[in-house]
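S.K.: Here it is: the structure, laid out below.
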Amino acid sequence: MTGGCLALVVGPSGAGKDTLLRHARAALGDDARYCFPRRFITRPAGDPHEEHIALTEVEFRTRERAGAFGLVWRAHGLSYALPATLPALVAEGRIVVANVSRTVVAEARSRFSRVSVVQVTAGRETLALRLGARGRESPQDRAGRLVRQSPAVEGRDVRTLVNDGPLEPAVEAFVEMLRSLAG
């Protein structure tokens, strides 16, 4: 295997990150070079848009103190984490692909020798439609998400994918970005 890499997928809610990840996992799932760890989230299980490991806030804090997480962040009133196995997976040459908050990109860059960032974007109207279709939040909360525009991630390791149109071309572009990391 080639050198490992932590491939961070970032972008606003509704940009389609989880959909792209689900399709990439299906396309690359038989390739041992790729790993798509599930996130730990303090959101109840059963969300059809994301398969995650649901924890209560107490369970999350207990596991965090025990060192069970490799990256941790909080956003939108929830706690998120990736498993503590991240460094080992990257060290054994795997390309570890995960949806994370832009707030942990700097930490990941400081802890891992090879990081690649895929910044997924979409227009405001597309984001609004997708957030509404998910039905997770009140109209006021959705409007708040759309108003809060986090700054784009900058750096030589950042690639941008505009996910405003049909799904198939976006999935193909995303999978190709991930394949290019394998060398």
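The values are calculated or read from the model by the stated rules, or taken from the named source; none is laboratory data. Bear in mind that the values here come from a model prediction, so they are computed numbers and not experimental data. In this analysis, Cβ positions are derived from the backbone assuming ideal geometry, glycine residues included, and neighbour counts consider all displayed protein chains.
S.K.: From V158, V171, V90, V153, grab the single residue that is surrounded by fewer than 17 Cβ atoms within 10 Å (Cβ to Cβ), of a type in the set (V, I, T) and at pLDDT 80 or above.
M.R.: Every option except V158 fails the conditions.
S.K.: I'd like to check something: does segment 67-85 contain any residue that is modelled with pLDDT of 95 or more, touching a strand residue (DSSP E or B) at 6+ places or on another chain (Cβ under 9 Å), part of a helix (DSSP H, G or I) and more than 24 Å from T19 (Cβ to Cβ)?
M.R.: No: segment 67-85 contains no residue that is modelled with pLDDT of 95 or more, touching a strand residue (DSSP E or B) at 6+ places or on another chain (Cβ under 9 Å), part of a helix (DSSP H, G or I) and more than 24 Å from T19 (Cβ to Cβ).
S.K.: Next question, about the same structure. Does segment 120-143 include one or more residues that are modelled with pLDDT under 95, farther than 20 Å from L8 by Cβ, buried (at least 17 other Cβ atoms within 10 Å of the Cβ) and under 18 Å from the mean Cα position of the chain (by Cα)?
M.R.: yes
S.K.: Looking at segment 9-36 only, could you name the residues that are on the phi > 0 side of the Ramachandran plot and within 11 Å of the chain's Cα centre (by Cα)?
M.R.: Applying the first criterion (on the phi > 0 side of the Ramachandran plot) to segment 9-36 yields 11, 14, 16.
The answer is G11, G16.
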